[in-house]
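The values are calculated or read from the model by the stated rules, or taken from the named source; none is laboratory data. Just so we're clear, the structure is a prediction, and the values are computed from it rather than from any experiment. A quick note on method: Cβ atoms are made from the backbone with ideal geometry, for glycine too, and the neighbour counts reach across all protein chains shown. Accessible surface is based on the protein model in full, side chains and every heavy atom, while ligands, DNA and RNA are left aside. Shrake-Rupley method; radii C 1.70, N 1.55, O 1.52, S 1.80 Å.
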Amino acid sequence: MKAMPWNWTCLLSHLLMVGMGSSSLLPRQPPPPAPKRPFVTFRGEPMEGFNHLVVDERTGHIYLGAVNRIYKLSSDLKVLVTHQTGPDEDNPKCYPPRIVQTCTEPLVPTNNVNKMLLIDYKENRLIACGSLYQGICKLLRLEDLFKLGEPFHKKEHYLSGVNESGSVFGVIVSYSNLDDKLFIATAVDGKPEYFPTISSRRLTKNSEADGMFAYVFHDEFVASMIKIPSDTFTVIPDFDIYYVYGFSSGNFVYFLTLQPEMVSPPGSTTKEQVYTSKLVRLCKEDTAFNSYVEVPIGCERSGVEYRLLQAAYLSKAGAVLAQTLGVHPDDDLLFTVFSKGQKRKMKSLDESALCIFILKQINDRIKERLQSCYRGEGTLDLAWLKVKDIPCSSALLTIDDNFCGLDMNAPLGVSEMVRGVPVFTEDRDRMTSVIAYVYKNHSLAFVGTKSGKLKKTTRCIVGACGAICGRDPQGTGES
């Protein structure tokens with residue numbers, strides 16, 4: 001697998017770890033004393049779990065998706081409004097849900113776990129989807145969490161039957177004079193006949209409209225969705241796609257995923273199941289999903305592979321880091337957290353790494369793959385969707401940065417992994433979350449750990465040849 005084609009021998013980036021342990025890439029410097037400020041905290045009801053959080057960029061108000069409740073908080077975590085979403089009588093085997101037709105399964109009091117929370121800025125509403133009734137959603141007014149709508153009478157209204165809180169991701173694509181789109185990505189929990197793993201839906205202006213959450217396009221043969229074929233489960237019985245993060249950039253929508261695969265270890269004739277982290281890309285305007293491409297991503301430092309994606313966040317480079325990376329300050333970077341190895345999805349190892357990807361370089365790799373496939377080279381290389389190898393077909397056309405596919409050579413997989421740049425590794429307290437932003441031209445990143453600690457990065461060093469700040473590999477003291 002080729003490494004990402006950096007244009008430098010030794011990258012000395014602008015990130016220096018602050019407050020991190022001995023596993024940092026630089027010698028630890030004692031931080032200057034600073035006055036302690038108490039943390040503002042909010043605690044919900046006893047035994048109540050928090051699932052998702054979004055912040056209104058215009059007001060600073062915080063919306064918190066919890067088990068059986070949605071909270072609206074002020075910026076200093078004072079409760080402004082609450083909206084109850086559960087519990088209610090339900091059974092996950094009821095499809096359609098019992099609020100649509102009588103269910104013969106036994107009904108029991110069931111918690112409503114918040115699975116997706118999005119702010120629809122255009123219509124000033126909150127989209128809150130839960131685990132009750134096969135994943136139906138409420139549309140709540142931002143001001144007071146008044147219920148504007150709760151569509152539930154069509155199969156398009158059931159977004160996911162998975163009860164895990166982190167199983168669904170949504171990305172809104174907004175238009176000035178048209179209905180917005182909602183790209184939904186979800187694990188299917190062995191029910192591909194009921195739920196597409198990825199789809200694009202209509203977000204109507206009227207929260208009670210009959211077409212709310214309808215597929216953007218749907219006819220007898222083609223729809224704005226991808227379903228996992230039943231044949232896939234004959235190869236990997238517990239196959240699913242686990243979505244970790246989603247975002248839009250330029251003309252595309254992206255999702256970061258974990259997917260099980262069957263591979264043969266070196267020197268072995270038998271196959272074993274591993275998990276591969278992959279980035280999925282779709283064109284915003286592609287109603288037939290012919291633009292679907294996925295590419296494996298990972299990170300490596302000192303011979304150790306970090307391949308299990310834990311978290312990700314999209315941010316800009318900022319002027320200082322951009323100069324080091326050779327990109328523009330407004331270019332998109334993916335800050336990612338990986339844990340070591342590929343074999344433990346549910347119980348990841350504590351060894352973890354914070355890595356950076358330049359989104360443009362991932363897109364360049366995808367474009368190279370599209371160009372080679374349309375020259376008739378290789379196969380579609382998407383085992384979970386095609387089950388068998390399907391050769392690429394040759395076609396004379398120009399493939400530029402915004403190519404959105406045809407009804408051939410699609411969907412498509414990239415075989416070679418794109419490697420990120422390792423910024424920091426942690427061996428004892430696994431990193432589990434990350435957020436980043438630009439402050440005074442510098443990229444800042446905050447990571448959360450398994451034990452509940454928050455770590456801040458303001459300047460790190462990354463070296464393609466092992467150089468570190470203040471001391472080169474030969475110990476000459478040159479930076």
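Descriptive notes on the structure:
- Estimated vicinal HN-Hα couplings, Hz - the range 219-227 in sequence order (Karplus 6.51, -1.76, 1.60; Gly, Pro = x): 10, 5, 10, 10, 8, 7, 6, 9, 10
- Applied to the range 272-281, the Karplus parametrisation 6.51 cos²θ - 1.76 cosθ + 1.60 on θ = phi - 60° returns per-residue 3J(HN,Hα) values of 10, 8, 10, 10, 10, 7, 9, 9, 10, 10 Hz, with x for Gly and Pro.
- For the range 61-215: rounded, prolate or oblate by the Cα gyration tensor [a/c cutoff 1.5]: oblate
- Probe 1.4 Å, accessible area per residue of the chain, Å²: 48 Å²
- In terms of its C-alpha gyration tensor, the range 228-462 comes out oblate, because a/c is 1.5 or above while a/b does not outweigh b/c.
- Of (i) 23.1, 77; (ii) 24.7, 119; (iii) 33.2, 119, the label for Rg and Dmax of the Cα atoms in Å derived from the coordinates: (i)
- Sparsely packed loop sites in the range 44-120 (the GluC sites (Glu not before Pro) outside DSSP H, G, I, E and B with at most 10 other Cβ atoms within 10 Å) comprise Glu57.
- Computed in the context of the full set of protein chains, the accessible area of the chain at 1.4 Å probe radius has 51% of its extent on carbon or sulfur.
- Here the extension length gained between Arg375 and Asp427 equals 14.3 nm, from 0.36 nm per residue of separation less the Cα-Cα distance.
- Rounded if a/c under 1.5, otherwise prolate or oblate - the range 154-308, Cα gyration tensor axes: prolate
- Relative contact order for the chain, counting Cα pairs under 8 Å that sit 6 or more residues apart, in percent: 14 percent
- Chymotrypsin sites (Phe, Trp or Tyr not before Pro) within the range 131-237, DSSP loop, no more than 12 other Cβ atoms inside 10 Å: Phe146, Tyr175, Phe221
- Residue-wise HN-Hα couplings along the range 412-420, as the Karplus relation 6.51 cos²θ - 1.76 cosθ + 1.60 with θ = phi - 60° gives them from phi, are 10, x, 9, 7, 7, 6, 8, 9, x Hz; Gly and Pro carry x.
- Protein-only accessible surface order, largest first, of Lys347, Lys455 at 1.4 Å: Lys347, Lys455
- Each Cα pair under 8 Å and six or more residues apart adds its sequence gap; the mean of these over the residue count of the range 228-462 is a relative contact order of 19 percent.
- Packing, as the average of other Cβ atoms within 10 Å across residues, places the peptides 76-86, 271-281 in the order 271-281, 76-86, highest first.
- Relative contact order (%) - the range 31-177, alpha-carbon pairs under 8 angstrom, separation at least six: 17 percent
- Cleavage-rule hits, trypsin sites (Lys or Arg not before Pro), the range 183-246, DSSP coil, Cβ neighbours within 10 Å at most 13: Lys205
- Hits among lysines - C-alpha to C-alpha of Lys154 under 22 Å, sequence gap 8 or more where chains match: Lys93, Lys115, Lys138, Lys181, Lys191, Lys205, Lys227
- Each Lys and Arg adds +1 at its Cβ and each Asp and Glu adds -1 at its Cβ; summed about the Cα centre, the chain shows a dipole of about 1400 debye.
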